[in-house]
Amino acid sequence: MRIEAIGGGFAREVSELPLWKTVGETDAEAIRDTFRMSGVLVFRRQSLSEGELLDFGKMIGKPDLYAETSWLSTFPEVILLSNLRHQNGDMLGGLANKALTWHTDQSYYAKPVTGCFLYGVELPSEGGTTSWASLYKAHETMPPELAKAVDGAIGTFSFAARVGTAAPEKEDNHDRAKRLAETPDVKHPLVNVEPGTGRKALYIDPNTVTGIDGMPQDEADDLLERLFAHATRPEHVYNHEWGPGDLVLWDNATVLHKRESFPETSNRLVKRMIINLDPSRHIIPPVAA
């Protein structure tokens, strides 16, 4: 097994490790340690059944169930993201071919499930690039005035605000009414500390953070805009051009991600899993009073 930096930045690629075989504990621990430090791991040209995907998820943490039951695949822990359709015309999975702007998954939950991976089965020949921005790097390189402004700040994270900018429900295959009822607004610190190492990571989510406690709205909007612009500077970003069999694992507490659109005439089928990470090794954004 080899682990090396890719894209000139924070992400790491793990190579010469077939995940369809049993991964020894020494290699598994090296993967978990690297994931903890980097926030994004890439495994290319894997050939994995859903059972093997589930085994990989269990090696990283505890796989969990996703809220959108209409996106589920054969295993309840695996969901489908696709623009394909069933024979009866119903959507297969979710998100189709639209672009997804910068965000982090589940920030609007009181206890977010922060681990996640995507596994590429069928990919378009153009478009569909996924990008990740390191919130560790963002905090490490933050100008002093920004660091002072955000230190101790508490943000309001709103699912209602996020879906307010989304496409109509019939186009994105979300059970929006159910999700809104289950996800009232929640407050999280805008800076979190990793257990054990003490590293700090920014925690922001454009279109989801609607305000900052004790700060006038115009000042909060300005600060959030400056934080977002800093976090997504090119030197903080890894861009992944997908190939069949690619698996990308990331930590939603320490990275943002986005996806480019791709042509409607192209097919895309990606399998996804969310994973509860070990709270003694990873940031789990706490609820703020």
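The table that follows gives values for the structure above.
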| quantity | calculated |
| --- | --- |
| Check on ILE284, part of a loop (DSSP other than H, G, I, E, B), farther than 18 Å from ALA161 by Cα, among the β-branched types (Val, Ile, Thr) and within 15 Å of the chain's Cα centre (by Cα) | yes |
| Flag for ARG179 being surrounded by fewer than 19 Cβ atoms within 10 Å (Cβ to Cβ), at pLDDT 95 or above and among the basic types (Lys, Arg) | no |
| Selection status of LYS187, touching a helix residue (DSSP H, G or I) at 6+ places or on another chain (Cβ under 9 Å), at pLDDT 95 or above and more than 25 Å from ASN97 (Cα to Cα) | no |
| Cross-chain or 6+ apart pairs with Cβ under 7 Å, the range 238-258 first and within 12 Å of GLY128 (Cα to Cα) and without any contact (Cβ under 8 Å) to a residue 24 or more places away in the chain, then in a strand (DSSP E or B) and aliphatic (A, V, I, L, M) | none |
| Complete set of residues in the range 195-219 that are touching a strand residue (DSSP E or B) at 6+ places or on another chain (Cβ under 7 Å) and free of Cβ contacts under 8 Å to residues at least 12 places away in the same chain | GLN217 |
| Among the candidates ASP205, ASP218, residue that is at pLDDT 95 or above and part of a loop (DSSP other than H, G, I, E, B) | ASP205 |
| Per-region count, the range 23-71, residues assigned to a helix (DSSP H, G or I), buried (at least 20 other Cβ atoms within 10 Å of the Cβ) and at pLDDT 95 or above | 8 |
| Every pair of residues 6+ apart whose Cβ atoms lie under 8 Å, when the first sits in the range 120-133 and is at pLDDT below 90 while the second is part of a strand (DSSP E or B) and surrounded by 20 or more Cβ atoms within 10 Å (Cβ to Cβ) | LEU123/VAL270; GLY128/ARG259 |
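The values are calculated or read from the model by the stated rules, or taken from the named source; none is laboratory data. Model, not experiment: these values are computed from the prediction. Virtual Cβ from ideal backbone geometry, glycine too; neighbours counted across all protein chains shown.
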